[in-house]
Amino acid sequence: MCRGGDCGTVVSVQTSTTPAVHATQLSKVYGSGSSSDVKVIALDDVTVDFPRERFTAIMGPSGSGKSTLLHCLAGLDKPTSGQVYVGGTETSSLSDARLTALRRDRVGFVFQAFNLLPTLTAWENIVLPLDLAGRRPDQAFADRIIDGIGLRHRLGHKPSQLSGGQQQRVACARALITKPEVVFADEPTGALDSKSSADVLGFLRRSVDELGQTVVMVTHEPTAAAYADRVLFFADGRVVGELTEPTADRVLDRMKDLEKVDA
Amino acid sequence: MLRAMLRDLRAHKGRIAMTLIAITLGVAFVVTTWVISDSAAETLRGRDIRGDVAVTVRTVGGGPELTPAERDRLARIPGVASASGVAFGYAGLVGQDGKLTSARPTLAGTGWDSSDRFALVAGRTPAPGEVALHERQAREAGRETGDRTQILLSDGRSVDAVVAGLFTYRPFAETPPSVAFGDPGVLGDRFTRVELVARPGADIDAIAAAARDLVDPALRTVATGADLAAQAQARADDSAQSSRESLLGFAAVALLAGMFVIANTFSMLVTQRTRQLALLRAIGATRRQVRNAVLVEAGVLGWIASTLGVALGIGLGLLGLATTGSDDTNITLSVSPTSILVGYATGVPVTMIAAYASARRAAGVAPVAALRTDGSFAPRSLVARSILGGVAVAAGVVAIVSTLRNDLSTTERIVAMGGGIAVWLGVLFLAPVLANAVLRPVGRVMSRRGGPATRLGVRNSVRDSRRTAATTSALMVGLALVCAFATLGSSITSMLSSSIQATVPAEATVVESPVDNVALGTDVLDKARSVPGVTNASADRYMFVKVTHNGSTSQTTMSAIEPGGVIRPEVVAGTGDVRRGAVVGENQAAMIGARLGDEVTLVLDPTTSVTTTIVGLHKGMEGRPLFYVDLAVMPAKLKATTVTSVYATGPDAAAVRAGIEAAFLDRPDVVVTDRDGVIKEATEGFQLLLSLMYALFGAAIIIAAFGVVNTLALSVMERTREIGVLRAVGASRPLIRRAIRVESVVICAYGGLLGILVGIGFGAVMNHAMMGQSLWEFSVPYEIIGAALIGMVVVGVLAALWPARRASRTDILAAIGTT
Ligand SMILES: Nc1ncnc2c1ncn2[C@@H]1O[C@H](COP(=O)(O)OP(=O)(O)OP(=O)(O)O)[C@@H](O)[C@H]1O
Ligand SMILES: [Mg+2]
């Protein structure tokens, strides 16, 4: 049994050429097997790479399978078939205990809202994954992150005393504190105004540029996607397009093109 | 509107199951009590009525007995078919161990007759030279029909008789005798009463009137059989009622504990539905509609749970009667409509009262709450509640402090008790604030020391101090009661022992009767004195008497002792020299308002009283003689016949003991023991009573445990999303389980410790107010407290099992999906 969070760290082979996250022939089918349920194919044979130290945005219409992809990549959900490699470790065959350790040590996650535990202060929320692993935070690194989110004076506050944007920045800090292979963010700015969005996105951008992080973010907003190095377009459970060096306008144009194809 | 709420109720079966269990258990306890006392009353009713006697003539207490001549005169009254004399006399049934059985032998013998007094259950009518035994005493003595048994008679004679049969007995007012002699002459030719049987059609009132004319009304009482039967019935009902009342006290405690659980559950159910309620308000439901909907919901739950509780209670009651009632043949099982009604009349209102606060809160939900994302109430202020609690505690403390003296009058004792109860209630009100004040710092320390599971668990336990307090209240009440009575019990036990230790020398050999508070034979003291090696032998003459002081009379106890004997009261004021007057227990003196130098009259029996002056106060207590007087002031006729214990000392204690044991070797009416034996005997019955109480209060603790499970399970549901996030960022399942377990143990430990502290305090106050001892002179029941400490941790761990499992199985994606 895996107690105290000290499960064996997942062994991995890392070279600078392996992508941070790699998925091959990933499929996720809902409603299969049971009775009269209509099958929903959320992911349809997706093969995709997320290179290290890059910021990737994923866009696509509602219901296209973006969240499902993120969940499968982050070890929150099991794909129906296909493989996921996080930093060279194949995750779909891992036990629950090992997956838990993987999420804790090597993956960061930012949800759209309700990311934080209400009983813990901002600081305690940030270091929660380290705490769960029984490790002490690297103070210098923690300082850099905290300066990055600009909330040093609010560290002792409970989430209920922070604004939505501040809460999301705390959530981002928590995702980064373990220096993970990759940070996944599912519409992290979906519930924020433009100023707060800019704060959060700016922070994610700098974490890639200054800390060498790998970030994968799902978003509906072209302006948000413009912060990324690369945009993947998703529809009906597949990757249908890609754009590098995106600007808001180019993303918008591309989205219009895709809609036309759809129609 | 209502339909929506009820459908909602149905949709949350899991959430309400625990509430149902809490109400069901409480109701079941009440109904069980009712069924048992009903059946007890019904059993007595069915058995006790005698229809065969028209009129009885009996002696007035202590007066001369009836003679055969009187009987014959009564038999000649017109309309009387027959008159029989009924005698009761000393008969000590000796058991297989060679000692008397526990029944008081004084009036335990009677002559067999063919009246309805006896109902044979085994064997046959005893012939002269044989006896029949009451079946209960026969069982205790280990005798069956056909056995030979020794029976002691008054003045030390004894007979060996064959047991011809076993009987059950229908008394008018007397304690059922143990032995019925086939030869009525054994008890002499004087009667305690004469029973007249009427000819068919005779006028019973006329017979009674004629009998009254024949006898001296100062010495004889005439009553008709119908009157006596009615009185016997009234006594049976009374005793059923009083046992019902004491049992209902425990049921009330269980219900109170249940109420906390129910109130807490409703409050949580309402909190969880804030959004739904707000939506209802937003689309136009009035406050009243929302409140009534919650109340109706409570009513429905109360109704269902009461039905279950009534069924369970009847089952438990009948089961209890069937198993424990086995020493009485054919118990009448009685389930009266009242017992069922009582079940509903407690279950439904208790649930609705408990739900009322939640209903009001639900009605107060602002419609905008539907739009808020966190969907919870703003925390309610604890100020009013804390002020109320603070005032109650302060008032209680003042009441206790102002009655700190030892010599309290009855009113002051009531004030002290009231103070104790006020503090207790105050602490209940203060529980949330105390939870904040105590658990936060403790939590901080534990967080620093412990791992993440501890930290999370402790944090969650102080998250909503109102809820924590409500959850623990039931546990607190249950444990406080247990600890209060344990403290009282252990204090009384230790005071009894120290009181006995102070009055009786350790090396004294003690001679007593095997039967509690029964006088020894008149020869025992002299026989002990004549044992070689005994230099001082003296006696206690423990009697239940009345005391009159300043015109008011009350019950008390006394003992006449030899001045300079072995027994020395533990004097705290005045003198211990009984030659100068009475030495009285200091709290007894305070109770009757008497001081040193006051004159009191002790009424020994209707014809004997002793007037004396109080010359000393001793440290005695209930259970030991309260008035010590000089043997010399006792009337001669009582001097020899009232000896209850003989204490013998000599230069060689072992030789004294051996000598006395040898002297009384074959005496069934005497046991030889020492001071420790006396202490053991004095405290034993008390311990038994206490264990029974613990068992009954246990019901409250079981309900409290359900309350903890309930709260935890609901909290876990409330925190689904949070647990999902925790799992997503890497908390393992065991860690989640541990966190919930820590939370549960912290909650239980808080309630438990509070309960133990309040219990010890209240026990000390009870000891002070009821036993008249100093407030500080209580003794701590370490064993019970140890058991309570272990118990509360066990309850904490067990209560967490199911909620922790649930929490650790949370589906991460589903949890994150919920808002
Ligand atoms: N638990 C489930 N059971 C059945 N179908 C599901 C389940 N979860 C998701 N789906 C379906 O899978 C498809 C992809 O869902 P997903 O949540 O990945 O979409 P998305 O791209 O994130 O959409 P959005 O932009 O609205 O968040 C949808 O059609 C959805 O209905
Ligand atoms: Mg989505």
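The values are calculated or read from the model by the stated rules, or taken from the named source; none is laboratory data. All values derive from a computational prediction rather than experimental measurement. Note that we place each Cβ from the backbone using ideal geometry, even for glycine, and neighbour counts take in every protein chain shown.
Yes/no matrix, rows are residues, columns are (1) touching a residue at least 24 places away in the same chain (Cβ under 8 Å); (2) in the same structural domain as residue B:524 (by TED's automatic domain parsing); (3) touching a Lys or Arg at 6+ places or on another chain (Cβ under 8 Å); (4) in a strand (DSSP E or B):
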residue	(1), (2), (3), (4)
B:133	yes, no, yes, yes
B:136	yes, no, no, no
B:144	no, no, no, no
B:150	yes, no, no, yes
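Residue A:120 versus (1) in contact with a strand residue (DSSP E or B) (Cβ under 6 Å, 6 or more places away or on another chain); (2) away from ligand 1 (no atom under 16 Å from the Cβ): which is the lone unmet condition?
Single failed check for residue A:120: (1).
Is it true that residue B:239 is in a helix (DSSP H, G or I) and modelled with pLDDT under 80?
yes
From the set of residues in region A:66-119 that are part of a helix (DSSP H, G or I) and among the β-branched types (Val, Ile, Thr), which is farthest from the other protein chains (Cβ to nearest Cβ)?
It comes out as A:68.
Could you please find all residues in region A:197-244 being within 16 Å of ligand 1 (Cβ to nearest atom), in a strand (DSSP E or B), farther than 21 Å from residue A:86 by Cα and not aromatic (Phe, Trp, Tyr)?
A:235, A:240, A:241, listed by residue number.
Given the residues A:262, A:209, which is the only one that is at negative phi, at pLDDT 90 or above, surrounded by fewer than 16 Cβ atoms within 10 Å (Cβ to Cβ) and away from ligand 2 (no atom under 16 Å from the Cβ)?
Just a single option satisfies the conditions, and that option is A:209.
Filter region B:522-549 down to residues that are part of a loop (DSSP other than H, G, I, E, B) and crowded, with 19+ Cβ neighbours inside 10 Å, then give me how many there are.
Adding up the residues that qualify gives 3.
How many residues are more than 14 Å from residue A:216 (Cβ to Cβ) and in a helix (DSSP H, G or I) if we restrict to region A:172-196?
5
Run residue B:701 past the list (1) β-branched (Val, Ile, Thr); (2) under 24 Å from the mean Cα position of the chain (by Cα); (3) over 30 Å from residue B:476 (Cα atoms) and report the number of the one that doesn't hold.
Result: residue B:701 fails condition (3) only.
Does residue A:189 count as within 16 Å of ligand 1 (Cβ to nearest atom), among the polar types (S, T, N, Q) and without any contact (Cβ under 8 Å) to a residue 40 or more places away in the chain?
So residue A:189 fits the description; yes.
For region A:52-67, which positions are within 13 Å of the chain's Cα centre (by Cα) and either more than 12 Å from residue A:238 (Cα to Cα) or more than 11 Å from ligand 2 (Cβ to nearest atom) (or both)?
A:54, A:55, A:56, A:57, A:67
If you go through region B:608-627 one residue at a time, how many are part of a loop (DSSP other than H, G, I, E, B) and touching a Gly at 6+ places or on another chain (Cβ under 6 Å)?
2
In region A:173-193, how many residues are closer than 17 Å to residue A:86 by Cβ and either acidic (Asp, Glu) or within 16 Å of ligand 2 (Cβ to nearest atom) (or both)?
Residues meeting the conditions: 4.
Would you check which residues across region B:628-662 are of a type outside the set (A, V, I, L, M) and not in a helix (DSSP H, G or I) and list them?
Answer for region B:628-662, where residues must be of a type outside the set (A, V, I, L, M) and not in a helix (DSSP H, G or I): B:628, B:630, B:635, B:641, B:642, B:644, B:645, B:647, B:649, B:650, B:651, B:652.
Check B:248, B:319 and return the single one that is assigned to a helix (DSSP H, G or I) and either buried (at least 17 other Cβ atoms within 10 Å of the Cβ) or touching a helix residue (DSSP H, G or I) at 6+ places or on another chain (Cβ under 8 Å) (or both).
Result: B:248 is the single residue among B:248, B:319 that is assigned to a helix (DSSP H, G or I) and either buried (at least 17 other Cβ atoms within 10 Å of the Cβ) or touching a helix residue (DSSP H, G or I) at 6+ places or on another chain (Cβ under 8 Å) (or both).
Filter region A:212-256 down to the residues that are among the polar types (S, T, N, Q) and either buried (at least 19 other Cβ atoms within 10 Å of the Cβ) or at pLDDT 90 or above (or both) and list them by number.
Matches in region A:212-256: A:213, A:214, A:219, A:223.
With the requirement that a residue be surrounded by 19 or more Cβ atoms within 10 Å (Cβ to Cβ) and under 30 Å from residue B:80 (Cα atoms), what does region B:224-245 give you?
Answer for region B:224-245, where residues must be surrounded by 19 or more Cβ atoms within 10 Å (Cβ to Cβ) and under 30 Å from residue B:80 (Cα atoms): B:224, B:225, B:228, B:232, B:236.
Consider only pairs whose beta carbons are under 6 Å apart and that are at least six residues apart or on different chains; among these, list those whose first residue lies in region B:173-189 and is assigned by TED's automatic domain parsing to the domain that holds residue B:136 and whose second residue is hydroxyl-bearing (Ser, Thr, Tyr) and buried (at least 16 other Cβ atoms within 10 Å of the Cβ).
Close Cβ pairs (under 6 Å, with a partner that is hydroxyl-bearing (Ser, Thr, Tyr) and buried (at least 16 other Cβ atoms within 10 Å of the Cβ)) amount to B:176/B:169; B:177/B:110; B:180/B:110.
Conditions first: (1) within 22 Å of residue A:259 (Cβ to Cβ); (2) more than 14 Å from every other protein chain (Cβ to nearest Cβ). Residue A:42 passes all but one, so which condition is the exception?
With respect to (1) within 22 Å of residue A:259 (Cβ to Cβ); (2) more than 14 Å from every other protein chain (Cβ to nearest Cβ), residue A:42 is out only on (2).
Any residue in region A:18-37 that is touching a residue at least 24 places away in the same chain (Cβ under 8 Å), more than 15 Å from ligand 1 (Cβ to nearest atom) and either of a type in the set (A, V, I, L, M) or within 14 Å of chain B (Cβ to nearest Cβ) (or both)?
yes
In region B:789-804, which residue that is over 17 Å from residue B:456 (Cβ atoms) and over 33 Å from the mean Cα position of the chain (by Cα) is nearest to the other protein chains (Cβ to nearest Cβ)?
Restricting to residues being over 17 Å from residue B:456 (Cβ atoms) and over 33 Å from the mean Cα position of the chain (by Cα), the top hit is B:801.
I need the full set of residues from region B:805-819 which are in a helix (DSSP H, G or I) and either within 14 Å of another protein chain (Cβ to nearest Cβ) or within 16 Å of ligand 1 (Cβ to nearest atom) (or both), in order please.
Result: B:807, B:808, B:812, B:813, B:814, B:815, B:816, B:817.
Select from region A:72-91 the residues that are within 15 Å of ligand 1 (Cβ to nearest atom) and touching a helix residue (DSSP H, G or I) at 6+ places or on another chain (Cβ under 6 Å) and list them in ascending order.
A:76, A:77, A:79, listed by residue number.
Can you name the number of the only condition in (1) more than 9 Å from every other protein chain (Cβ to nearest Cβ); (2) of a type outside the set (Asp, Glu); (3) more than 15 Å from ligand 1 (Cβ to nearest atom) that residue A:60 fails?
Exception for residue A:60: condition (3).
Do you know which of the residues in region A:158-206 that are more than 14 Å from every other protein chain (Cβ to nearest Cβ) and small (Gly, Ala, Ser) is surrounded by the most Cβ atoms within 10 Å (Cβ to Cβ)?
Among them, the one singled out is A:197.
Testing residue B:730 on (1) under 16 Å from residue B:461 (Cβ atoms); (2) within 14 Å of chain A (Cβ to nearest Cβ), one condition comes back false. Which one is that?
Single failed check for residue B:730: (1).
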